[in-house]
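A.B. asks: Could you have a look at this structure, given as structure tokens, before my questions?
The values are calculated or read from the model by the stated rules, or taken from the named source; none is laboratory data. Because the structure is a prediction, the values reported are computed rather than measured. Methodologically, a virtual Cβ is constructed for each residue, glycine included, from the backbone with ideal geometry; neighbour enumeration extends over all protein chains shown. Just so you know, the surface numbers come from the protein's heavy atoms only, side chains and all, with ligands and any DNA or RNA stripped out. Shrake-Rupley method; radii C 1.70, N 1.55, O 1.52, S 1.80 Å.
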Amino acid sequence: MIKIVDLHKSFGKQKVLDGVNLEIEEGKTTVIIGRSGGGKSVLLKHIIRLLKPDSGHVLVDGTDITKLNDKDLNEIRKKFGVLFQGAALFDSMTVGENVAFPLKEQTKMKDSEIRKIVADRLRAVGLTGIEEKMPSELSGGMRKRVGLARAIAMHPEIVLFDEPTTGLDPIMTEAIDNLIIDTQKNFNLTSIVISHDVESIFKVGHKIAMLHEGKIVEYGTPEEIRESRNPVLVQFLSGSTEGPIKII
Amino acid sequence: MNRASTAIDNLGRSVLRNVEEMGRILLLFISVLSWMIRPPLKLRLIFKQMEFVGVKSIFVVVLTGIFTGMVMALQGYHGFRMFSAESLVGSTVALGMTRELGPVLTSLMVTARAGSAMAAELGTMRVTEQIDALSVMAANPVKHLIVPRVIAGVLMVPVLTIVADFVGILGGYFVGVPVLGINSGIFVKNITRYVDLDDIYNGLIKAAIFGLILSLIGCYKGFNTSGGAEGVGKATTEAVVLASISILISDYFLTAIMF
Ligand SMILES: Nc1ncnc2c1ncn2[C@@H]1O[C@H](COP(=O)(O)OP(=O)(O)OP(=O)(O)O)[C@@H](O)[C@H]1O
Ligand SMILES: [Mg+2]
């Protein structure tokens, strides 16, 4: 279980997180929504301590990771799989080596076993047989899916997806949503999904949290969110330019 | 008075910044050392870097070495002729190459070729979140990215320096003996008479230290890149400038201690 307590983070004068409080339920999918540039990726990076907060805490299974030393932090990180917004594939390695990387680093599996898992994960994201390609030879959407395959290669306990379906066609979006739902169910994953895609949000999420002006302004089940009268949410879900979310 | 105090203020700030940066590079060095002694070493990554730093730099280093030897012979000849000491041209070239120009020019060439590439590569990995991805997969970026590069720098720059020394002396010979007409036997004899093994060793120690400097600074600048493609460009330039200056300055002090 992940608990975020009163998290504050500024870059220079710009306040990005201004007291975020959020509990991520174990074995459930929590979707975080919010405007572009609103700090969703920054929040996600705090959960694996790629960023250190100015103040506040992040508890992973009861451990405050904001204060951990490198060694203990590494142990905690082994529970996580992460899909970065830009996929962050290693461009000096082939697709196969990318997906195999967490398995090689964190397990003592034999090469033949690893190859099998890699092939399986690539099949799951609809990219059978591209092990030998380099990331630079892939389209943006393909890179995203390879990043997804890498994030779930280990079957981690917790997976963080930063916009898993952005840039994919509607069919692929549907397929990836289903993949996220299936892996979540089959392995009882705790997952956090950042998404802008209104349809995906309601389909994938057990819980939905809205981040606005550095705070979680609304949190609830898809039904609760759909019924919410909070003007921020109403505007976000309807995609209107009128309302409390300013576009400038 | 305002302008003066601002100037002093700025000077103070820039001194502080530089001292702070040196401290950070030193900390990185310590962390590299501590990862170096922790097995398993990533041999495949180390060999890949050694190939990149060493094998692929041979051509430029040979070219630099041979022409430096040639021009030293040419210049030395005109100078020594005034004292009828042309026979010393060979030993001057050999001493100059092994003690100074071999290590310094080699490491400057490697800085331009490989140090800059290290900064650019790591910088790109930083801004595209690949370094974050490494840390998240519990793979230490210092161990994976910096240790192999530093090892390659420390091992390969001395090897390249041996090549540069050798072709430099060879270049001196080709200009000195056939072109300028110095007696071949005397040319060679004076080299063996005036050049000690110590000259060569000390030159190679310098080369190893320069290799450390250029790879460490290249990695440091790349590792701490921010701000997209522009940031990568900036990191690369800064790495080359800082490494070159550091090599030249440390060369003076190393020479003062060694010879
Ligand atoms: N390393 C950083 N240094 C300085 N500012 C940063 C840094 N990372 C993020 N920011 C700033 O923090 C704000 C939030 O960024 P973030 O990437 O979290 O947005 P986001 O909600 O993920 O947006 P999007 O949906 O477009 O991905 C942005 O204004 C950005 O400029
Ligand atoms: Mg984002």
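A.B. asks: Could you provide, to the nearest whole Å², the per residue accessible area of the protein assembly as shown with probe 1.4 Å?
C.D. replies: On the way: 24530 Å² over 507 residues.
I get 48 Å² per residue for this part.
A.B. asks: Another question, if that's okay. State, in angstrom, two size descriptors of the stretch A:90-155 derived from its alpha carbons: Rg to one decimal place and Dmax to the nearest whole number.
C.D. replies: 10.7, 32
A.B. asks: Round to a whole number: what % of the accessible area of the protein assembly as shown belongs to carbon and sulfur, probe 1.4 Å?
C.D. replies: Details: 14910 of 24530 Å².
Carbon-and-sulfur percentage of accessible area, whole number: 61.
A.B. asks: Please identify the GluC sites (Glu not before Pro) of the stretch A:1-82 that satisfy two criteria: DSSP loop assignment and at most 13 other Cβ atoms within 10 Å. Which are they? Spell out each step's value before the answer.
C.D. replies: Values: sites: A:Glu23, A:Glu25, A:Glu26, A:Glu75; in loops: A:Glu25, A:Glu26.
Counting only loop positions with at most 13 other Cβ atoms within 10 Å, the GluC sites (Glu not before Pro) in the stretch A:1-82 are A:Glu25, A:Glu26.
A.B. asks: Given the convex hull of the Cα atoms of the stretch A:1-70, what is a quarter of its surface area in nm²?
C.D. replies: Working: hull surface 19.7 nm².
Reported value for the Cα convex hull: 4.9 nm².
A.B. asks: Then there's this: Based on alpha-carbon positions alone, could you give the equivalent ellipsoid semi-axes of chain A from the gyration tensor, as √(5λ), descending, whole Å? Display every interim value, and only then the final one.
C.D. replies: Working: eigenvalues 178, 95, 54 Å².
Calculated on Cα positions only, the semi-axes equal 30, 22, 16 Å.
A.B. asks: Just report the Cα centroid separation between the stretch A:97-116 and the stretch B:21-52, whole Å.
C.D. replies: That distance is 24 Å.
A.B. asks: Need the per-residue list for the stretch A:26-71: every residue with at least 40 Å² less accessible surface in the complex of protein chains than in the chain by itself, probe 1.4 Å, sorted by number.
C.D. replies: A:Leu50
A.B. asks: Could you quote the convex hull projected area for the stretch A:155-248, Cα atoms only and averaged over all directions, in nm²?
C.D. replies: Values: hull surface 27.2 nm².
Across all orientations, the stretch A:155-248 yields a mean hull projection of 6.8 nm².
A.B. asks: Moving on to the next point. Mind checking the alpha-carbon convex hull of the stretch A:141-182 and giving the volume per residue in Å³?
C.D. replies: On the way: hull volume 2.6 nm³, N = 42.
Value for the stretch A:141-182: 61 Å³ per residue.
A.B. asks: What value does the stretch B:42-258 have for Rg/Rh, both radii from Cα atoms and Rh as Kirkwood defines it? Could you put the intermediate results ahead of the total?
C.D. replies: Details: Rg = 19.9 Å, Rh = 18.2 Å.
When Rh is taken as the Kirkwood radius, the ratio is 1.09.
A.B. asks: Bins of 10 Å, beginning at zero and ending with the bin holding the largest distance: percent of Cα pairs per bin for the protein assembly as shown, please.
C.D. replies: It works out to 4, 16, 22, 20, 15, 11, 7, 4, 2, 0, 0, in whole percents.
A.B. asks: Tell me which GluC sites (Glu not before Pro) from the stretch A:132-175 have a DSSP coil assignment and no more than 11 other beta carbons within 10 Å of their own. Intermediate results must be reported in sequence, preceding the final value.
C.D. replies: Numbers: sites: A:Glu132, A:Glu137, A:Glu157, A:Glu174; in loops: A:Glu132, A:Glu157.
Qualifying residues, ordered by number: A:Glu132.
A.B. asks: Among the aspartates and glutamates, which fall within straight-line cross-link reach of A:Lys246, defined as a Cα-Cα distance under 12 Å, with same-chain neighbours fewer than 8 residues apart omitted?
C.D. replies: Cα-Cα hits under 12 Å: A:Glu213.
A.B. asks: Over all residues in B:136-146, what is the mean tally of Cβ atoms on other chains that come within 10 Å of each residue's Cβ? Let's see the in-between values first.
C.D. replies: On the way: counts 14, 17, 11, 7, 3, 0, 0, 0, 2, 1, 0.
Taking all residues of B:136-146 together, the mean is 5.
A.B. asks: If you don't mind, there's one more thing I want to ask. With solvent modelled as a 1.4 Å probe, how much accessible area in total do chains A and B shield from it at their shared surface, in Å² to the nearest 100? Numbers along the way, then the final one.
C.D. replies: Values: alone 12400 and 13640 Å², together 24530 Å².
So the total buried area for this chain pair works out to about 1500 Å².
A.B. asks: Under a 10 Å cutoff between Cα atoms, tell me which one of A:Leu17, A:Leu44, A:Leu138 has the largest fluctuation in the Gaussian network model of chain A.
C.D. replies: Residue with maximal mean-square fluctuation among A:Leu17, A:Leu44, A:Leu138: A:Leu138.
A.B. asks: How many angstrom lie between the Cα centre of the stretch B:131-191 and the Cα centre of the stretch A:178-248?
C.D. replies: Each part's Cα centre sits 58 Å from the other's.
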